[in-house]
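Structure first, then comments.
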Amino acid sequence: MLSSEQAETSRSTGQTELWVAIVDDDASIRCSLARVFQCDGIRVETFGSAEAFLDRPIPGDPQCIVLDVHLGELSGFDLQDHLVARGDAPPIIFITAHDEIPSSRLERRAGACGYLRKPFDTDELIALVRPFLCRETADCNDP
């Protein structure tokens with residue numbers, strides 16, 4: 001994860017670094033996924049809620065968001081709708097531990113980006129995220 005000192009250096013030099021956002025209200029999931037991504041050489045920032053992601057002080061937008069469906073006041077679907085409405089929705093890979101969400105709804109929301117049900121194989125998640133780190137933009141989230 002980027003420290004506030006590194007973020008300041010990035011801001012002051014105008015450097016834009018590719019990164020992935022993890023938005024999940026479960027701290028242990030955020031921590032575990034951050035470690036997995038970092039071990040794979042992927043810069044990651046974590047957020048405990050949709051609101052925290054929207055209010056982030058980190059410069060630039062992520063190349064991809066790993067987004068839990070069930071969060072707090074704003075759900076993962078609400079965050080996606082908000083980002084699409086303002087015209088800056090990066091690719092989103094949904095994750096969920098809830099079986100009551102039909103696969104058809106997850107497929108429609110995730111589009112070509114994909115979704116995973118918890119518990120999932122982290123190698124599978126990395127494989128879904130990696131292609132988005134090689135392109136500036138990808139439009140696969142059309143709710």
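Bear in mind that the values in this text are calculations on the coordinates, not laboratory data. Predicted, not measured: the structure shown is a model, and the values here were computed from it. As a convention, Cβ positions derive from the backbone with ideal geometry for all residues, glycine included, and neighbour counts pool all protein chains shown.
What spacing in nm lies between the two simple spin-label points modelled at L133 and A97, each 7 Å away from Cα in the Cβ direction?
Taking the two extended label points, one gets 2.6 nm.
Order of S32, S49 from fewest to most other C-beta atoms within 10 Å? Before the final figure, lay out the partial values.
Numbers: S32 14, S49 17.
The order, fewest Cβ neighbours first, is S32, S49.
Would you order V84, V129 from fewest to most other beta-carbon atoms within 10 Å of each residue's own beta-carbon? Could you put the intermediate results ahead of the total?
Values: V84 14, V129 23.
Going from least to most buried by this count: V84, V129.
Nothing charged except the Cβ atoms of Lys and Arg (+1) and of Asp and Glu (-1): what's the magnitude of the dipole of the range 4-133 about its Cα centre? Round to the nearest 20 debye. Provide the component values of the computation, followed by the final result.
Details: 12 positive and 22 negative charges, 61 e Å.
Here the range 4-133 has a charge dipole of around 300 debye.
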